[in-house]
Structure formats: structure tokens, C-alpha cells
């Protein structure tokens, strides 16, 4: 993992010898390790993603979505033994830098594809574009109603992050709870929404 100039943004690791230990636990599949790394580096990765997204059209939550996907990739691949070169703190930072770059590029491509699909639909003769917009507005309104039906803000956050593709494992690590707790809350969300739309 050489050749990346990240010296200007490299965090101060001088007083954090435990990071190397967390890395080893992460590679062995320890949820507590990814939780600790999340707590220490999530804000830094969000700031890095925000900086890289500045030149593109973005919503407020885009950089957090990118950062969440970065840690999901880190957890999935490290615990599966795919990051053998990850040994110490500097390796971790360079890896986070690379993954963030890839996720930002993927995010931009995804946004460009959505924009191009909309433009291609809008350009088709005879297509009722207003109807498409109306349907999207109705779906957004329904989603808003469903989220508001969850009185506990923690349930709303779990619902949103699940819809964004965040795994149960990563949510459990981020919240510092068991996977069973997250699944129980997801079941509660499902029952609440089923009752709402019944």
C-alpha cells in the first residue's frame, strides 16, 4: 500500500498504540474492534469523503453514506482475510483512504446514472414526465409517513441505514449492541409499518 500521499491529512497516531491491536482483532472478526475503529475514524472518513465530494452535486447525508460504506467494506473484507497487508496504523489509514476514493467514485457514477436515466426518460416523446415525478413524490411522502410512525429516533435511524444498505453487523458494531438487538428492532419496525399500511 505505497505511493499515496496522505501526509497532510494523516491523523496523529503517536499516542494510540492500541490501534494496531484493534486491527488484529478486526481481522479475526471481532465486532468490538470495528466498533472502536468506527468511533475513532468515522468522523475523519466523513470529512475526507466530504472533501472529495465537493466538486459534485451532493446531499447533506452523502458523505456519511460514503463513510458508512467504507467501514462496511473494511469489516467485510478484513474479517474475511482479504486484507493480509493490513498490519498497523499507517496501513489502516492508507486503506481507508483508498476505499473512500473508490466509494466516492462509485457514488458519483451512481448519481450520474440516475441523472442520465431521468434525462433519457424526459427526452422520450409522449412520456408523461409529470406522472413520474408525481409517483416519486408519493413514494417520498409515504416513506416520510412511515418514518414518522417510528416514535423512537433510534428506530428511524436503523430503518434509514438499513434502506441505505448498511448491514446488521455494521449497525450492531456502530451502536455498540448485539446483532440480535438490531434484528429485534428491525422486526419491530416491520410490524409497525405493516400495521400502518394495513
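Within region 188-198, which residues are surrounded by 12 or more Cβ atoms within 10 Å (Cβ to Cβ) and either more than 22 Å from residue 64 (Cβ to Cβ) or free of Cβ contacts under 8 Å to residues at least 12 places away in the same chain (or both)?
So the first thing to find is which residues in region 188-198 are surrounded by 12 or more Cβ atoms within 10 Å (Cβ to Cβ), and the list is 188-189, 192-193, 196.
Scanning region 188-198 gives 188, 192, 193, 196.
Does at least one position in region 165-187 carry a residue that is exposed (fewer than 13 other Cβ atoms within 10 Å of the Cβ), touching a helix residue (DSSP H, G or I) at 6+ places or on another chain (Cβ under 9 Å) and under 27 Å from residue 107 (Cα atoms)? Looking through region 165-187, at least one residue is exposed (fewer than 13 other Cβ atoms within 10 Å of the Cβ), touching a helix residue (DSSP H, G or I) at 6+ places or on another chain (Cβ under 9 Å) and under 27 Å from residue 107 (Cα atoms).
For region 76-93, filtering for residues that are loosely packed, with under 15 Cβ neighbours inside 10 Å and not in a helix (DSSP H, G or I) leaves 7. On the given criteria, is residue 65 in a helix (DSSP H, G or I) and either modelled with pLDDT of 90 or more or under 25 Å from residue 110 (Cα atoms) (or both)? Criteria met by residue 65. Selection within region 152-198: residues that are in a loop (DSSP other than H, G, I, E, B) and modelled with pLDDT of 85 or more. The member of this set that is farthest from residue 32 (Cα to Cα) is 152.
The values are calculated or read from the model by the stated rules, or taken from the named source; none is laboratory data. No experiment lies behind these values; they were computed from the predicted model shown. Quick reminder, even Gly has a Cβ in these numbers, built from the backbone with ideal geometry, and neighbours come from all protein chains shown.
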